[in-house]
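**Q** Here it is: the structure, laid out below.
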Amino acid sequence: MSKKNSYNLVVVLGPTASGKTTLATKLASKIQGEIISADSRQVYRNMDLGTGKDLEDYIVDGVQIPYHLIDIVDAGYKYNVYEYQTDFFRAFEDIKSRNHFPVMCGGTGMYIEAVLSHFKMVHVPSNPELRKSLEGKSLGELTQILSSFKTLHNKTDVDTVKRAVRGIEIETYYKDNPEIEVELPELNPLIIGVKIDRDLRREKITKRLKSRLDEGMIDEVKSILKSGVHPDDLIYYGLEYKYLTLYAIGKLSYQEMFDQLNIAIHQFAKRQMTWFRKMERSGFDIHWMEATDSYDHRINEILKMLS
RNA sequence: GGUACCAUAGCUCAGUAGGUAGAGCAAUGGACUGAAAAUCCAUGUGUCCCUGGUUCGAUCCCAGGUGGUACCA
């Protein structure tokens, strides 16, 4: 086996509704693979229809394909990139130790890149002294302080006092401990991107939304709310959970919910593609494959690249 | 059939006291290192329904069409 082809990971990425899970599981069944999901919402238990878990896809020809990082935390929890990176490499080593082949599959660009680019992320303990010194400061002042550490690209970082303080805590820790290095396993990934024509993608998204609503997605949201998750937290998860919660609490009519959600999913798919294009520009070699080509054809192509 | 009102961007609509036009939404491109399905930035879009008239000049005024809505019959 040549050095160039000694891949130790396959990545299947693509926008929502491109059929990447099916491709990944079918591939996994051929190479003794196990799936490591790269989906920031499928980590949550009981959020099934709205995140498109499709767990039946993980049974190929009657055989269960093992999967990781799905259903690992409770709905309402705030999982994050740092935890993802840690969890990913744990699953990766675990799969390796069994002599199976890791197949990463998902559409959360930042999670994929945090892993492939070895984003520097270390465990940051809480800093009671710092917290004490920040006590009583306004959100505006905290925003000032955080922006002295890094460019703020979004408001999510300074949405609440709690998050702003944690952000400052993390940045302070990095600054005070520049020597800390994290040892992460070398990755030599074969990256497959599922490409889907824009119009077809929109058509599939709308169709899938309708069928999920028919399958009881509204009840799923209602029961999560009933279990005690605060509507605001569910709204923060975005897309299905945002618009269905707004509908469930009477802020949107059914038609408004449907139309706005449909548009929001289309916009999300576009943003995913923007991320993948940026990855390519920054040097990642993504092998794009047409979603309309047969699975057999595409899997043969991938197997050729792996051999 | 009669009367009134309307016809402008992909959609909903504003506007031009006559000098060829603009908001919101959508769309498109981009950013993104501890909630990322989040959050944020940028950018267009036009036979101003058709035909004629008045005018230096009409999307705007006038006449006639066509289509729509409402009311009356």
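The values are calculated or read from the model by the stated rules, or taken from the named source; none is laboratory data. Being a predicted model, the structure only gives us computed values, none of them experimental. In this analysis, Cβ positions are derived from the backbone assuming ideal geometry, glycine residues included, and neighbour counts consider all displayed protein chains. The accessibility values were calculated without ligands, DNA or RNA, using every heavy atom of the protein model including side chains. Shrake-Rupley method; radii C 1.70, N 1.55, O 1.52, S 1.80 Å.
**Q** Would you be able to tell me the number of residues in segment A:90-110 that are within 23 Å of A:F268 (Cα to Cα), assigned to a helix (DSSP H, G or I) and either more than 16 Å from RNA strand B (Cβ to nearest atom) or of a type outside the set (A, V, I, L, M) (or both)?
**A** Matching residues across segment A:90-110 total 1.
**Q** Let me ask something else about it. Name the pairs: first residue in segment A:151-173 and polar (S, T, N, Q), second residue open to solvent by less than 50 Å² (accessible area, probe 1.4 Å), Cβ to Cβ under 8 Å, at least 6 apart or on different chains?
**A** A:T172/A:L130
**Q** Are any of the residues in segment A:265-282 open to solvent by 60 Å² or more (accessible area, probe 1.4 Å), among the basic types (K, R) and either on the phi > 0 side of the Ramachandran plot or touching a Leu at 6+ places or on another chain (Cβ under 9 Å) (or both)?
**A** So far as segment A:265-282 goes, no, none of its residues is open to solvent by 60 Å² or more (accessible area, probe 1.4 Å), among the basic types (K, R) and either on the phi > 0 side of the Ramachandran plot or touching a Leu at 6+ places or on another chain (Cβ under 9 Å) (or both).
**Q** Residue check, A:Q267 against (1) closer than 30 Å to A:Q32 by Cα; (2) under 17 Å from the mean Cα position of the chain (by Cα); (3) free of Cβ contacts under 8 Å to residues at least 60 places away in the same chain, all met but one. Which one?
**A** (1)
**Q** Could you please find all residues in segment A:199-244 being closer than 26 Å to A:G14 by Cα, open to solvent by 90 Å² or more (accessible area, probe 1.4 Å) and either in contact (Cβ under 8 Å) with a residue 40 or more places away in the chain or among the hydrophobic types (A, V, I, L, M, F, W, C) (or both)?
**A** Once the filter is applied, which keeps residues that are closer than 26 Å to A:G14 by Cα, open to solvent by 90 Å² or more (accessible area, probe 1.4 Å) and either in contact (Cβ under 8 Å) with a residue 40 or more places away in the chain or among the hydrophobic types (A, V, I, L, M, F, W, C) (or both), segment A:199-244 yields A:R202, A:E215.
**Q** Among the listed residues A:E34, A:E83, A:E113, identify the single one that is touching a strand residue (DSSP E or B) at 6+ places or on another chain (Cβ under 9 Å) and within 12 Å of RNA strand B (Cβ to nearest atom).
**A** Just one listed residue meets the conditions, A:E83.
**Q** Could you tell me which of the residues A:L187, A:L152 is within 20 Å of A:V81 (Cβ to Cβ) and in contact with a strand residue (DSSP E or B) (Cβ under 9 Å, 6 or more places away or on another chain)?
**A** Checking each option against the conditions leaves just A:L187.
**Q** Right, another one. For segment A:268-306, which positions are more than 13 Å from RNA strand B (Cβ to nearest atom) and among the basic types (K, R)?
**A** A:R298, A:K304
**Q** Tell me, please, whether a residue that is under 17 Å from A:L239 (Cα atoms) and of a type outside the set (S, T, Y) can be found in segment A:93-108.
**A** yes
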